[in-house]
Each structure stands twice: as structure tokens, then as C-alpha cells.
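See below for the structure under consideration.
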Protein chains: 2
Amino acid sequence: MSDVTPKHAAALVALDWGTTALRAYLLGDDGAVLDSRASPAGIMKLPAGGFDQAFDETCGAWLASHPGLPVIAAGMVGSAQGWVEAPYVETPADASALVKGIVEVTAANGATVHIVPGVLQAGAMPNVMRGEETQIVGALAGDAALEHEPHGALIGLPGTHAKWAFVFEGRIERFYTFMTGETFGALRDHTILGRTMRATAQQDPDAFIRGVDTAKDAGHAGMLATIFSTRTLGLTGQLAPEQQSDYLSGLLIGHELRGLNEVLAREQSNLAGRTLRLIGNEALCERYRVALERFGCDDAKTVADATERGLFRIAAQAGLVRAAVRVN
Amino acid sequence: MSDVTPKHAAALVALDWGTTALRAYLLGDDGAVLDSRASPAGIMKLPAGGFDQAFDETCGAWLASHPGLPVIAAGMVGSAQGWVEAPYVETPADASALVKGIVEVTAANGATVHIVPGVLQAGAMPNVMRGEETQIVGALAGDAALEHEPHGALIGLPGTHAKWAFVFEGRIERFYTFMTGETFGALRDHTILGRTMRATAQQDPDAFIRGVDTAKDAGHAGMLATIFSTRTLGLTGQLAPEQQSDYLSGLLIGHELRGLNEVLAREQSNLAGRTLRLIGNEALCERYRVALERFGCDDAKTVADATERGLFRIAAQAGLVRAAVRVN
């Protein structure tokens, strides 16, 4: 409560271990971040047997100072290509379902690492997430605005594979994966669209918004039919080479939100006037916030520290944090 | 009419000169193909000044045998990166507008090459074509089924950048460019989707149709939201690695046709029950024909020899062929 309170009791090592990076947090028994480490040791960059070494290099000192500290991890570390596979939990999935799906692995340094499973939405068009489920649990923590949404909360996680999750009473009911970020990269770097672009350090918000609006107002034929305008607007002198990348980015994010609106329309809802939350890279979330405004959605705050908070909540629900407090 | 008729009078050299290839035809005064040559000398593969050499290597012998034979060319050869730029003609554009837009260039061997312009649809979402306008003119030649469509004829040109053109009374009124082929290649070769695919020489028609149907029946959230299923159907054991490429191809073509249907819906029309024509690579047109059937369109024949026929028609309308007949 005050700086005098001994809130610095280390209670948990929490890992966000994805494909391209590892982020580690030393959390106090109130969930506060006491220390953190970032490592490029993503699971796709490790040599065989590299998990133990990367874990020890990143967290070994914490564990040496706090013997017996519990460890929890989320992300691709639990995939088939990860340290140990934590099989997907099926939707609807809440924090307690995630806890039940935790798989343990014993590290070479003796620590037991608790790996949070991903979530699978089965069916003819299956969807999977790993890591995002933990962030969603973190985002839900004490957000009254989300809890009171009559149709459930809508949470967006922009990125390479953007996710949009519908959450009701703490359960992830269903979700969508939009391959927006990766498609943007592939189109920019490996199609004719990139050839007339000129890279620039400066962003062009107007070009971005123009792309969003084009998808929103004239995107009925779909993304395959609008992206060529990146080139033809250049050919006809309406879009400078420096603007074309932001325009294409706006187009794709606009098509994502247009698609999301189609999903919402099927349940008599709409992005306009809706409260939702974003999780992810701050600059990217800001782009989405701007795009969402074009769709009439003015309440799309970015949730800070969702990963750490989610890992702490799941660990607490699993009894790991209390146990740690007792031990120390 | 019979083999005895001297129909072999050479009347025109017709060139289909695109980005990656040059196809040359020696046409008779009835439009029949007397001889043809294919060369890899696409305009993007030529050294500076390479147009003259490529033209002479491909057509020099014909011109030596038939001095004064007129020459017509269509395709990217008339672009800003081509032999000489033939500025776009704006929609609506018929054969006589194309004739008015012809630009001449004199080759090193003395021949005058008549270059057919492309077509531009101006506006906030501009569209351009080069080469397709000539194929469309060829496809219209004497096709009564097309001429009697009350809303005008619909002509599809599948490919890297697929075009769909609405033609009324011989005029190209408007058209759409779907970057389906190039997007497919970029997604397959440069995103995570390609990683679980296994290449195979054999096509899988069922996987293709499954992709088309998914886009048609469950594609309301848009292409960005469906393509990830290529991977997740694999993860969940519903799609073998050998099937994933055809599934993704079906998805993208399905989204193209879904988008086209949205365009048609805005004029109270629909692909179902409609007569249309396809121009292009035979195997690819067959894939589109199968996909169109899933949308209820059973009359989607592929037009043969549209390029040669279009070049001949435009040359005739320009008075080049009659002149040649007189000269020879």
C-alpha cells in the first residue's frame, strides 16, 4: 500500500516464451514486476536442448536468490515444437480450464516449469491461440467496462496473426484469427505492390486512414479486389511512393475490421459505439485505435501489462503463488 | 471454306507482348493462324534496346518473306516500361477507342509496329489493364450468348492479377482487378501457411472445392480471417499436407467469386444462372469453371484464341488488314 510495505517478496517467475523472443518477469506476491529480462531466445531460434540453457541464462540468478520459487510459462513454449507440449484446451475456456491444462516440465536446474496450454476452437474452421489466452485473462482482471458488456467482451490482439476473442463471464467463447500482419508483409515484400513503394521512417496517418476508409466504404468486393489500388493510385498520381505502405496497411486493417463487423452483424451488434480492449504492441494498437474510430468505435483502450497480469492470475488460481508465499 | 481456298495469304503479324513472354502470330487475311512463335523475351527480361532485337529474332523471317506486312502488338509492350508508351484509353472503351489510341513505333528493321493502348478506369479506386482489352475484343467476336445478356456481358480473365470486366454493347464499361494469383503465391511461399504444405504433382479437386465452399459459405469475415484455416485444419488432422495448397487456392478463388457476387448483388444480379466467359490458361480457367459451379454458374465457357482474334479485329478496324491485303 505504501513504499514501507514489504511488497517486494518475490513470489513467481513468469515467462512469456514465444516464437521469436523470451520475456521473463520476477513478480512479487501482489503481482508487481520486481525485475524483468528480455532474451532473443524464441523457440524457433533454439538449438536442440536449448530450452534448459535459455531458461537458466534468463532466470537462473532469480532462482538462485529465491530457491523454490514457482515458475509459470505461456506461449509457443507449450506447442508441439516447444519445450513440452501442453495440449490445447477447447473453447469455451476460462482461467480454471487453463489451470487444469497446465503441463509441467522439470528444468535441468531443478525448477518445475508450469506451462499454460493454448486454446482450440474446434470445428470446420478451427482456430488456435497460444499465449493470447493468458493475455486475455490478464486483460479481464478488474475491468468493469468489459464485464458489463451485454454481449460479452470483445478483445483484440493485433499482430502477425491478429486475434479477436469474444469473452463472456470470464470464458473465451470463440475467437477469430486474421492473418493481417503476415499478409501485409508478404504483399509488401513479395508482390508488385512493393515495387512502387518508397520506404520512409515517417508514417503517413492520412494515407493510413485513406486505406481504412477505402476498405470500409468501398471494400465490398473483398481485399483481393482493393489492394491493387495501392499501385493504381500511384500510377494515376493520387498516392506518392512514400504513402503506399501506410495506405496498404490501412486497407488490410480496414478489411479486418470490416470482417469483424460482419461477424458482429450476425449477432445484431456492431463496432460502432462498442467498448472493447486491445492488447499488444503500443504503436500497433494505436493504429488499430485510429482505424476503429473510423468504424465508430471510440472506446478501444490498450490494456497494459496483460501478459504479466495473466500469468500471475493463472498461477494464483493454480495455487502456485500462495504456495510460494508460504514457502518463502 | 475448303482446303483448296487460298486462305493462306499472310495479312498481319500480331504480337502478344507481356511482362514475361512474347507470343507472335502470323495471321491470314481471314484471321487464321498461319504460323506462331513463342519467345521468353518478356519486356521485363530485355536489356536496354532489346525490343528491336527480340522483335527481329521472332518476326524477322516473316517480314522478309512478306515485305510490308502490318504489325500490331498488345500488352505491357505499350506500358511506360515498354517499347513505346501507348497511354491508357479511359472507360467506357470499345474497339474504335482502342484504335484511336494506337501508338506507332518504327522498328530497326523498318517495320511500323502499331501498339494497342491499355484501358484505365479512373476514380478513387482506379483500375488498369494492358492486353486484356484486346482479349476481350477477341472474345466478343460473334458470341451471341454474350451479346444477349441484359445486364451486359461478364468476362473473367483469371491469372496473377485476375480481371473481371463488364461489357455492354461492345464497350468495356468497368472492371475489377483481383490480385488472386499473386497473393496466393506470396502466401504460399512467404508466410507460415507454406510451412505445413507438402508439394505434390497431383491436384486434389476435393481440397480445392472445400476451399471454395469455405469462402462461399463461411467467408463473411473476409479472406484475412479464413486463410489461417489452411494451417489449423492441418493441425487438427482434417487436411493433409498435400491438400493444403489446393485448399488455399480454392479459398482465394472462392473469395474472389464471393467478392464478384457482392458487386453483382449491387445491381440486383448474381453469379447463379449467369452466362459468362473466361479467357486465359486452360487449366486455370477450368479451376475457375469448377469454382463458378459452386456459385451456381453453369455457363462459363473458356474462349479460345481470344488474343489472336482480338489483335486481328483491332487491326481490321484500324484498316491495317485491308491495306495489307491490297499491298500483297
Q) Normalised by the residues of region B:177-302, what does the relative contact order come to in percent, with Cα pairs under 8 Å and at least six apart? A) 27 percent
**Q.** Principal axes of region B:110-153: Cα extent on each, largest first, Å
**A.** 45, 33, 9
Q | Threshold 30 Å² - residues in region B:180-194 whose accessible area is reduced by that much or more when the chain is no longer isolated, probe 1.4 Å | A | B:GLU182, B:THR183, B:ALA186, B:HIS190, B:THR191, B:ILE192
Q: Go through region B:22-36 residue by residue and turn each phi into a ³J(HN,Hα) via Karplus (6.51, -1.76, 1.60, θ = phi - 60°); whole Hz please, and just put x for glycine and proline.
A: 10, 10, 10, 10, 9, 10, x, 6, 9, x, 5, 7, 8, 7, 8
Q | Nearest-ten-degree value, helix A:282-294 long axis tilted from longest Cα axis of chain A | A | 40 degrees
Q | Distance violations [Cα-Cα > 32 Å] among B:LYS45/B:LYS163; A:LYS45/A:LYS163; A:LYS45/B:LYS216; A:LYS45/B:LYS163 | A | A:LYS45/B:LYS216; A:LYS45/B:LYS163
(Q) Checking an interface number: how much accessible area is buried between B and A, summed over both chains, with a 1.4 Å probe, in Å² rounded to 100? (A) 3800 Å²
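State the dimensionless ratio Rg/Rh of region B:1-126 (Rg: radius of gyration of Cα atoms; Rh: Kirkwood radius).
Numbers: Rg = 15.6 Å, Rh = 15.4 Å.
Taking Rg over the Kirkwood Rh, I get 1.01.
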Q. Is the protein assembly as shown best put as rounded, prolate or oblate by its Cα gyration tensor, with a ≥ b ≥ c the root eigenvalues, rounded for a/c under 1.5, and otherwise prolate when a/b is larger than b/c, oblate when not?
A. prolate
Q) Just in region A:219-328: which GluC sites (Glu not before Pro) are loop by DSSP and have at most 12 other Cβ atoms within 10 Å? A) A:GLU267
**Q.** ³J(HN,Hα) computed for each position of region B:49-63 - Karplus, 6.51 cos²θ - 1.76 cosθ + 1.60, integer Hz, glycine/proline x
**A.** x, x, 4, 4, 5, 5, 5, 5, 4, 8, 10, x, 5, 4, 5
Q: Using a 1.4 Å probe over the heavy atoms of the protein chains, calculate the carbon and sulfur portion of the accessible area of region B:177-302 as a whole percent.
A: 45 percent
Q. Binning every alpha carbon pair distance of chain A at 10 Å from zero, what are the percents per bin?
A. 6, 25, 29, 23, 13, 4, 0, 0
Q | Accessible area per residue in Å² at 1.4 Å probe, computed on chain B | A | 41 Å²
Q: Mind checking region A:219-328 for trypsin sites (Lys or Arg not before Pro) that DSSP puts in a loop (not H, G, I, E or B) and that have at most 10 other Cβ atoms within 10 Å?
A: A:ARG266
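The values are calculated or read from the model by the stated rules, or taken from the named source; none is laboratory data. Since the structure is predicted, the reported quantities are computational estimates derived from the model, not experimental observations. Every residue, glycine among them, receives a Cβ derived from its backbone with ideal geometry; neighbour counts consider all protein chains shown. Surface areas here come from the heavy atoms of the whole protein model, side chains and all, with no ligands, DNA or RNA. Shrake-Rupley method; radii C 1.70, N 1.55, O 1.52, S 1.80 Å.
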